[in-house]
1. Of the listed pairs Lys114/Lys479; Lys142/Lys514; Lys184/Lys216; Lys56/Lys529; Lys206/Lys383, which have alpha-carbon separations greater than 23 Å here?
2. Could you run the Debye sum over the Cα atoms of the range 334-440, one equal point scatterer each and no solvent, and tell me log10 of I(q)/I(0) at q = 0.22 Å⁻¹, two decimals?
3. At each listed q (0.21, 0.27, 0.28 Å⁻¹), what is the log10 of I(q)/I(0) that the Debye formula gives for the range 70-136 modelled as equal alpha-carbon point scatterers?
4. When a/c is below 1.5 the answer is rounded, else prolate if a/b is larger than b/c, else oblate, so apply that to the range 273-407 with a ≥ b ≥ c taken from the square roots of the Cα gyration tensor eigenvalues.
5. Once a ≥ b ≥ c are taken as the square roots of the eigenvalues of the Cα gyration tensor of the range 121-241, is the result rounded (a/c under 1.5), prolate (a/b larger than b/c) or oblate (a/b not larger than b/c)?
6. At 1.4 Å probe radius, can you tell me the per residue accessible area of the range 266-409 in Å²?
7. Taking the Cα centre of the range 357-484 as the origin and placing charges on Cβ (Lys, Arg +1; Asp, Glu -1), which of Ile460, Ser403, Ile417 is farthest toward the positive end of the dipole?
8. Take Lys181 and Tyr60, extend 7 Å from each Cα along the Cα→Cβ direction, and tell me the distance between the two endpoints in nm.
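The values are calculated or read from the model by the stated rules, or taken from the named source; none is laboratory data. Keep in mind that what you see is a predicted model, and the values were worked out from it rather than measured. Positions of Cβ are backbone-derived with ideal geometry, glycine not excepted, and every protein chain shown enters the neighbour counts. With ligands, DNA and RNA removed, areas are computed over all heavy atoms of the protein, side chains included. Shrake-Rupley method; radii C 1.70, N 1.55, O 1.52, S 1.80 Å.
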Amino acid sequence: MANSKGSAVTNGILHNPKTQQSKWQSTDCVKNGIPKEAQQNKQRFFDKPIFDSYPKPPLYALVFTYMSYGIGTLFGYLRDFMRSWGIEKCSAAVEREKQKDFVPLYLDFENFYKRNLYMRIRDCWNQTVCSAPGPYFDIMEKVSHDHNWTFRHTGRVFKDLINLGSYNYLGLATKYDESMKTVKDAIEKYGVGVASTRHEMGTLDKHKELEDLMAKFLNVEAVMVFGMGFATNSMNIPILVGKGCLILSDELNHTSIILGARLSGATIRPFKHNNVQSLETLLREAIIKGQPRTGRAWKKILILVEGIYSMEGSIVNLPQIVALKKKYKAYLYIDEAHSIGATGINGRGVRELFGLAPEDVDVYMGTFTKSFAASGGYIAGKKELVDYVRTHSHSATYATSMSPIIASQIIRSLKIIIGEDGDLAGPERIQQLTKNIKYFRQRLKEMGFIIYGNDYSPIIPVLLYMPAKVSYCQQYLLKKKIAVVVVGFPATRLAEGRARFCLSSAHTREMLDKVLEAVDELGDLLKVKYFQVKKSRRPAIYSEKALDNEANFDVKSIEPEA
């Protein structure tokens, strides 16, 4: 498949015949889509096949997982029967007797999973944190006396747990220090809230300063910021497309993207996760067949993807998708909630990671809730696009503006990441995060765990499969003073329960080694080391120099023993 500029997409790689002489592409050629700024800085162009690791588990693991859900379902129906006869107390919401002839407000079948399966392990979630979410943090102990229907705090606090659950990728979410003085000054000058919308009296000079700085950071013409990341997607996608338009959405996109697509009224067709062939098939069908029944051409085709997918740890195949969107004249909307700040040499996200030009993506979206240690989101791109969003966005019309305190915190984080005034703290944080990712993933692979995702993603999912193992993993690591997030259905596929490790530049090698030691013991206990890797007779040496060398971190797969 060739695109309009003579490049070809084969085997998941975007090839340019003029620039295939070396592993790393030279950025001196404008034809490759590299901005002039990148040419001057001599940035390297990421030219590798995208390798998202999705190893398959042994058959017995899936059989036992489905058996456990089957047994849990049978007992769930038995308990529902006992509740209906008053043998067991029902703590779930039920319809009032005088409304029995109404359409049910609580559908029993839809709540069956939550009532009978999720409730058994509900104590794994909704933890109460009582400190700053740095590399260490504190959690309040909670207990339940009614089988996880309600909880109460005991007053006891688990102190100094290693935090592997927060999206604090660059370690900027910490206790007060001198770099936060500008945030403190913003409280004294502006107060806490704005009490108005952006269309009325809610646009402050802080908002304009933030938008200008963010536009400079992203190398785009304009940016608009919003007070809530979720609403940035759900309230702005509907203004970009509508009836008569087609949305091609990755099947694993975030709920905010899905909600925004549904609210738009456009036709939605999902494509297989990160599968360029599936996307191209849908694009071809859309252009050849047009709209259903009428056969008219679609008014607009919008491709919705994420930079890093938070449950899978995978990175979008951006060069290939850009090639397709150019070939078929579609628009591309990318959500960089997890990738902005954490990915790329300078933290500018997956576009920088692949060395693409800013104009290769039509709509940039991101949030400030992860790497920036704040809240809110942004829409970025050409000035005409952002001006249209300013005028038509539901968030700008009806939602309260971003707090000036939050805006000041984002500006502080941005200046650290950019390295303003020669401060190298930001670039050093990004480099340290990359080292931590490489080290942690490599060690987990050597232990024999099944892990998902890309080797440049700060999110590392470790597959556990069975719900009982998911629950025990969280409880076991909590006793070892390690806090992780475990995930199960419906956030993942039914048989793909997992523990999700979120790494930070603030994690030291000692912290990671302590976590790896505990995870190693847990893997032996739960029998989830499905890949028995042959170990060398000599112990492996993990030096900082070795992890800095790109050649030592080439994509490689670990196969199970024969």
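1. On the way: Lys114/Lys479 26 Å; Lys142/Lys514 25 Å; Lys184/Lys216 25 Å; Lys56/Lys529 12 Å; Lys206/Lys383 19 Å.
The pairs that break the limit, which is 23 Å between Cα atoms, are Lys114/Lys479; Lys142/Lys514; Lys184/Lys216.
2. -1.31
3. Result of the Debye calculation: -0.96, -1.30, -1.34.
4. Values: a/c = 2.20, a/b = 1.37, b/c = 1.61.
Judged from the Cα gyration tensor, the range 273-407 comes out oblate (a/c at least 1.5, b/c at or above a/b).
5. On the way: a/c = 2.21, a/b = 1.70, b/c = 1.30.
It is prolate, given that a/c is not under 1.5 and a/b is the larger ratio.
6. On the way: 5080 Å² over 144 residues.
For the range 266-409, the per-residue accessible area is 35 Å².
7. Ile460
8. 6.4 nm
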